[in-house]
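The values are calculated or read from the model by the stated rules, or taken from the named source; none is laboratory data. This structure is a prediction, so every number in the text was calculated from the model and none was measured. Cβ atoms come from the backbone with ideal geometry, glycine included; neighbour counts cover every protein chain shown. Calculation scope for accessible area: heavy atoms of the full protein, side chains included, ligands and nucleic acids excluded. Shrake-Rupley method; radii C 1.70, N 1.55, O 1.52, S 1.80 Å.
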Amino acid sequence: MRPSRLTRQLLATTLPAALIIGAGVAVADPMLARNMSSYGLPGGVDTPTAETLPDGSLGATVSLSEYARRGNVFFQALPGLTTVLRYGRVDGIQDFRQEGFISDRSADLRYQVVDEDGWRPAVAVGLQDFLGTGVYSGEYVVATRNVTPTVRASLGLGWGVLAGRPRVINSGDQGGTPNVDQWFSGGARPFGSVSWQVNDRLNLVAEYSNDIYRARYSDGSEFQQGSEPSSRLNFGANYHVGRNYEVGVYTIGGDTVGAQLTIALNPRDAAFPSGLELSLIRI
């Protein structure tokens, strides 16, 4: 009997992780992020990497550009599991409110399956906007490796918006329903990024992204968010201010300029020690 569509999607979701774990290779310490993407996850500008955050990290990223205003709250729930809750205003889309924009709520999950060890890169599997309207919906498998002590490269395979194939959104859907039947479907395309740690505070990044910033609805409506990118190359610069802040500027397609601010906190590494840190570490 031929497996159902749902079964095939679930197999596609878990197979990459199962193959890697099944290789029987020991897991090393997590590869920690150098900067945050506009989606509030370790990454380049728009594309993800296989990096993670220190365990217990909690913070927020606000990014502003012609395409969207995104507020992301992230939490490193487990050493390898990063979660994000996002609220964004996406301009250029007309829904039933006819306001010229939509207010979108979405959630992401990313799990770093293995860390870099010798020849093996760090590898992560992620679900982007798996619980929302679907305007940012996409899935990916990505590998990241240090090329030199200051240069780090990532290469991934993405579906949905990460493949430049935005999902068709149900015109009457208000979001909040997992789109399991669409996971890892619709054809995949490669994406990638390279980051250069110039010094302790400045990081530069260049990426190849497939996102066309377009929304398609089941009633046949199609909307371009901002200007259609004239190039698939994005560039960014991020600067760490103190221990807990990061400011960044970036370009998308060479035409649109954006900016973002990140605040990250970790009770295990407080900027102003309270005397309880040793107790936290023992937990």
Open item on the list: Here is a check on your reading of the model: is A107 over 16 Å from the mean Cα position of the chain (by Cα) and either at pLDDT below 95 or open to solvent by 30 Å² or more (accessible area, probe 1.4 Å) (or both)?
Closed with: no
Open item on the list: Going residue by residue through region 240-250, is there one that turns out to be under 19 Å from the mean Cα position of the chain (by Cα), within 21 Å of S106 (Cβ to Cβ), of a type in the set (F, W, Y) and part of a loop (DSSP other than H, G, I, E, B)?
Closed with: no
TODO: Go through region 201-247 and give me each residue that's buried (at least 21 other Cβ atoms within 10 Å of the Cβ), polar (S, T, N, Q) and either touching a Cys at 6+ places or on another chain (Cβ under 7 Å) or over 14 Å from V45 (Cβ atoms) (or both).
DONE: Q225
Open item on the list: Just to be sure I understand the filter: pairs with C-beta atoms under 7 Å, separated by 6 or more residues or on different chains, first member in region 203-219 and touching a residue at least 40 places away in the same chain (Cβ under 8 Å), second member of a type in the set (F, W, Y) and open to solvent by less than 30 Å² (accessible area, probe 1.4 Å). Which pairs pass?
Closed with: Y208/F191; S209/F191; N210/F191; Y213/Y67
Open item on the list: Quick check on region 166-181. Is at least one of its residues open to solvent by 60 Å² or more (accessible area, probe 1.4 Å), of a type outside the set (S, T, Y), free of Cβ contacts under 8 Å to residues at least 24 places away in the same chain and part of a strand (DSSP E or B)?
Closed with: no
Open item on the list: Based on this model, can you work out whether V194 counts as among the aliphatic types (A, V, I, L, M), assigned to a strand (DSSP E or B), out of contact with any Phe, Trp or Tyr (no Cβ under 9 Å at 6 or more places or on another chain) and closer than 24 Å to V147 by Cβ?
Closed with: yes
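Suppose we keep only residues that are of a type in the set (G, A, S) and under 23 Å from P121 (Cα atoms) within region 182-200. Which one would you say is most open to solvent (accessible area, probe 1.4 Å)? Spell out the reasoning first.
As a first pass, look at region 182-200 and keep what is of a type in the set (G, A, S): 185-188, 192-193, 195.
Filter again for under 23 Å from P121 (Cα atoms), leaving 188, 192-193, 195.
Working: A188: 41, G192: 14, S193: 11, S195: 15 Å².
Per the stated criteria, the residue is A188.
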Open item on the list: For region 61-86, give me each residue that is at pLDDT 90 or above, of a type outside the set (S, T, N, Q) and touching a Ser or Thr at 6+ places or on another chain (Cβ under 7 Å).
Closed with: R70, F74, F75, G80, R86
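So if I check each of I93, I102, which one is outside any strand (DSSP E or B), aliphatic (A, V, I, L, M) and out of contact with any Lys or Arg (no Cβ under 7 Å at 6 or more places or on another chain)?
Details: I102 fails: outside any strand (DSSP E or B).
Answer to the selection: I93.
Does I283 satisfy the criteria of being surrounded by fewer than 18 Cβ atoms within 10 Å (Cβ to Cβ), β-branched (V, I, T) and either modelled with pLDDT of 85 or more or under 30 Å from W159 (Cα atoms) (or both)? Step through it out loud before you land on a result.
Values: surrounded by fewer than 18 Cβ atoms within 10 Å (Cβ to Cβ): yes; β-branched (V, I, T): yes; either modelled with pLDDT of 85 or more or under 30 Å from W159 (Cα atoms) (or both): no.
For I283, the condition - surrounded by fewer than 18 Cβ atoms within 10 Å (Cβ to Cβ), β-branched (V, I, T) and either modelled with pLDDT of 85 or more or under 30 Å from W159 (Cα atoms) (or both) - is not met.
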